[in-house]
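K.L.:
Shown below is the structure under consideration.
The values are calculated or read from the model by the stated rules, or taken from the named source; none is laboratory data. From a predicted model like this one, the values you see are computed outputs, not experimental measurements. With ideal geometry, Cβ positions are generated from the backbone for all residues, glycine too; neighbour counts draw on all protein chains shown. Heavy atoms of the whole protein, side chains included, go into the accessibility calculation; ligands, DNA and RNA do not. Shrake-Rupley method; radii C 1.70, N 1.55, O 1.52, S 1.80 Å.
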Amino acid sequence: MMNRNQHRSSRKNEMDGGSVNEELDAYSWVTPEGMLNDHYITSREQLYQGMNGRYVERFTVPTGESYIFKPLTNPAQHGRERWMYERVMSGLPPIYPQLIAASDLTLAPAQSWMIYEDLGKLVHDSQEATMLDAAVHMAAWHALPVTDWSELPRVGQKPSIRTMLDELQMYRQSTDGLLSRLDMRLSSLDWDKIATLILTAEEELPTVLCHGDLHPGNMAEVAGRLVILDWEHAHLNTPLWDIYHLVDLSHPLFPRTVTPALRERVMDVYLDKLGSLGVQIKRVSFAEWYDAYAIVFSLWMLRLIDGDLRSEECVWPKEQLRNQWLETAATLEQCMKHMGEE
């Protein structure tokens with residue numbers, strides 16, 4: 001990765017086993033204000049908009065190569081993804097896009113940026129094979145020792161599971177009303193069981209490196225291989241955080257159908273791989289903890305989606321939000337049923 005003082009450098013392109021040296025002048029592609037410089041690029045295409053209104057873009061340079069320009073899109077995550085590339089990614093298989101260049105660390109967050117290789121068209125299919133492959137890789141990064149990464153936060157871009165549980169119980173009448181709209185109910189005994197399971201999981205499960213936001217849009221198939229994108233929400237947590245995102249976190253742009261059988265297969269593959277790496281977790285306990293975790297997370301998500309559906313300022317189309325609501329409600333129903341059978 002280039003720093004600010006290396007205005008011209010070359011990197012070895014090993015994506016296809018070749019040894020092509022590409023002359024790069026990344027710092028002429030970006031203005032001092034952290035914007036793409038139209039004087040030195042030939043085309044640009046907006047890919048998606050971040051929480052702060054900045055766009056991630058594909059751009060082309062005069063030599064014909066294209067790259068991905070990623071400004072800071074979430075101010076709370078400033079420096080996190082670069083930290084991951086410098087401290088962690090080299091220890092993982094090549095399941096991530098290569099970082100070509102990044103702005104100087106001394107720049108203000110609003111001016112910071114990164115440039116990645118362009119992987120081309122990404123296929124976010126969320127097929128079973130993709131999820132199982134991701135589960136295997138997830139187990140590998142969960143097995144990494146975290147003792148040297150104490151500077152990573154313990155909370156990502158969403159509240160912790162304990163905070164979600166507290167919010168749901170604090171607004172119990174609203175939560176019960178939401179459940180009633182879905183023809184579901186949780187008794188006081190159910191809530192006690194859920195709280196106990198979550199607290200026990202937090203105490204007994206190892207603290208691991210979590211990707212933090214592994215929804216379907218951050219997994220893609222590229223030329224037959226899995227690529228995991230957007231590591232800026234990485235933090236330390238229990239494995240359940242990443243598992244929920246991989247299996248059950250809904251997204252308005254990336255609908256999918258998850259069945260109890262698929263959920264069980266993903267967990268089995270994950271725990272098998274984790275066991276082969278020397279981390280043993282009791283499957284029955286893990287399944288119980290997951291049910292409670294998924295119930296709380298899904299209810300918290302449904303409150304969020306419900307608020308978006310009521311808001312006239314929400315950026316997501318209502319139809320996509322309604323589909324997300326149904327998908328999240330299905331997860332809730334399945335996990336409540338499974339917990340009741342235990």
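K.L.:
Just one of (1) in contact with a helix residue (DSSP H, G or I) (Cβ under 7 Å, 6 or more places away or on another chain); (2) within 28 Å of residue 80 (Cα to Cα); (3) assigned to a helix (DSSP H, G or I); (4) of a type outside the set (Asp, Glu) trips up residue 241, so point out which.
P.N.:
(1)
K.L.:
Taking the criterion of being under 21 Å from residue 158 (Cα atoms), without any contact (Cβ under 8 Å) to a residue 24 or more places away in the chain, of a type outside the set (D, E, K, R) and in contact with a Lys or Arg (Cβ under 7 Å, 6 or more places away or on another chain), would at least one residue in region 293-305 satisfy it?
P.N.:
no
K.L.:
Let me ask something additional. From (1) more than 16 Å from the chain's Cα centre (by Cα); (2) touching a residue at least 12 places away in the same chain (Cβ under 8 Å); (3) closer than 26 Å to residue 199 by Cβ; (4) open to solvent by 10 Å² or more (accessible area, probe 1.4 Å), pick out the condition that doesn't hold for residue 320.
P.N.:
Answer for residue 320: the failing condition is (3).
K.L.:
From the list 85, 67, which one is modelled with pLDDT of 85 or more, under 26 Å from residue 157 (Cα atoms) and among the hydroxyl-bearing types (Ser, Thr, Tyr)?
P.N.:
Being modelled with pLDDT of 85 or more, under 26 Å from residue 157 (Cα atoms) and among the hydroxyl-bearing types (Ser, Thr, Tyr) holds for just one of 85, 67, which is 85.
K.L.:
Being among the aliphatic types (A, V, I, L, M) and in contact (Cβ under 8 Å) with a residue 60 or more places away in the chain is the filter; apply it to region 116-130 and report the residue that is least open to solvent (accessible area, probe 1.4 Å).
P.N.:
Checking each candidate, the answer is 119.
K.L.:
Contact list please: Cβ distance under 9 Å, first residue in region 99-115 and open to solvent by 50 Å² or more (accessible area, probe 1.4 Å), second residue part of a strand (DSSP E or B), pairs at least six apart or on different chains.
P.N.:
Taking only residues 6 or more apart or on different chains, the pairs are 110/71; 111/71.
Yes/no matrix, rows are residues, columns are (1) under 21 Å from residue 333 (Cα atoms); (2) part of a helix (DSSP H, G or I):
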site	(1), (2)
135	no, yes
144	no, no
159	no, no
164	yes, yes
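K.L.:
Against the condition open to solvent by 30 Å² or more (accessible area, probe 1.4 Å) and without any contact (Cβ under 8 Å) to a residue 60 or more places away in the chain, how does residue 279 come out, does it pass?
P.N.:
So residue 279 fails the test.
K.L.:
Those residues that are open to solvent by 20 Å² or more (accessible area, probe 1.4 Å), under 20 Å from residue 85 (Cα atoms) and among the aliphatic types (A, V, I, L, M), I need them from region 203-231; list them, please.
P.N.:
229
K.L.:
Could you list, in sequence order, all residues of region 35-64 that are open to solvent by less than 80 Å² (accessible area, probe 1.4 Å) and of a type in the set (Asp, Glu)?
P.N.:
57
K.L.:
How many residues are under 23 Å from residue 202 (Cα atoms) and either of a type outside the set (D, E, K, R) or in contact with a helix residue (DSSP H, G or I) (Cβ under 7 Å, 6 or more places away or on another chain) (or both) if we restrict to region 251-264?
P.N.:
Number satisfying all stated conditions: 1.
K.L.:
Further question on the same structure: With the requirement that a residue be among the charged types (D, E, K, R) and under 14 Å from residue 243 (Cα atoms), what does region 129-173 give you?
P.N.:
Across region 129-173, the qualifying residue is only 133.
K.L.:
In the set 203, 151, which member is of a type outside the set (Gly, Ala, Ser) and assigned to a loop (DSSP other than H, G, I, E, B)?
P.N.:
Sole residue among the options that is of a type outside the set (Gly, Ala, Ser) and assigned to a loop (DSSP other than H, G, I, E, B): 151.
K.L.:
Another question about this same structure. Quick check on this structure: which one of 286, 297 is part of a helix (DSSP H, G or I), open to solvent by less than 20 Å² (accessible area, probe 1.4 Å), farther than 20 Å from residue 213 by Cα and not polar (S, T, N, Q)?
P.N.:
286
K.L.:
Determine if region 305-312 includes at least one residue that is within 23 Å of residue 125 (Cα to Cα), outside any helix (DSSP H, G or I) and of a type in the set (Gly, Ala, Ser).
P.N.:
no
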